[in-house]
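Please read the structure below before turning to the comments.
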Amino acid sequence: MKHWKVLPVVLMILFLAGSSQAEEKSSKETHAEKVKAMEDTFWAASKAGNTVKGIIVEGNSFFNGTTAPQDKPYTEEELLAAKISAERNSKLFILAEDGTLYYPTCKKGQSVSQSDQAHRIPRVLTEEQKKEGMFTWSNMVPLTGRKVELYGEIYTGYAGVKGIHIKSIYYEGEYLVGE
């Protein structure tokens, strides 16, 4: 008779364990759906002109006069110095095609304790890139000096610099660290 009091508790624990396993299974199944939705959103925004196209520039070299805005912002020597500074946590910006500077930032209302340029950004791939098995994510440091297209929330900035919370990124070629 003493064990009848424990039975409802055991049944509740088994029920909760089973439901959490079902949630885990469904989240694994929906990863492909989440990626597809992210890609669809990006391509629709790109087609509508709601993405930011530009070059990732390193703040020190950009603001101290060692480089100037141009189609290719860095010479080989400047690019090496910019990448070293970026690896040492110098701030990175996106110089858009229209000349606007964007500062990558966290989502509005959220604070972070580590560099936002180090987090993994979901990468949008073309069908050809998918067949080649390219990285499905990226972070900004190895992309210093490269042309990218970004989708995300744009925030009103200060002194002509806008904030952007990057949700996805697209660029040509492979994500090569150290090159």
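Key figures
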{"quantity": "Mean Cβ neighbour count within 10 Å, used as a protection proxy, ranking 140-146, 154-160 highest first", "calculated": "140-146, 154-160"}
{"quantity": "Note, ³J(HN,Hα) from phi for region 164-171, Karplus 6.51, -1.76, 1.60, rounded to Hz, x at Gly and Pro", "calculated": "9, 8, 6, 9, 7, 9, 9, 7"}
{"quantity": "Positive-end residue, region 51-170 charge dipole about Cα centroid, Cβ charges, pick of T100, G54, H165", "calculated": "H165"}
{"quantity": "Share of pairwise Cα separations in region 51-170, more than 22 Å, in percent", "calculated": "33 percent"}
{"quantity": "Other-chain or far-sequence residues with amide H under 5 Å of L92's (modelled H)", "calculated": "G59"}
{"quantity": "J(HN,Hα) series, region 53-60, from Karplus relation 6.51 cos²θ - 1.76 cosθ + 1.60, nearest Hz, glycine and proline x", "calculated": "9, x, 10, 7, 10, 8, x, 4"}
{"quantity": "Length gained when the stretch K107-E77 is fully extended (0.36 nm per residue, less Cα-Cα span)", "calculated": "7.4 nm"}
{"quantity": "Per-residue ³J(HN,Hα) for region 152-162, Karplus 6.51 cos²θ - 1.76 cosθ + 1.60, θ = phi - 60°, Hz, x for Gly and Pro", "calculated": "x, 7, 9, 10, 4, x, 10, 6, x, 9, 9"}
{"quantity": "Potential lengthening between K130 and I84 on full extension [0.36 nm per residue; Cα-Cα distance subtracted]", "calculated": "13.6 nm"}
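Each value in this text was obtained by applying a stated rule to the coordinates, not by laboratory testing. Everything numeric in this text was worked out from a predicted model, so none of it was measured. Here Cβ is always computed from backbone atoms with ideal geometry, including for glycine, and neighbour counts include all displayed protein chains.
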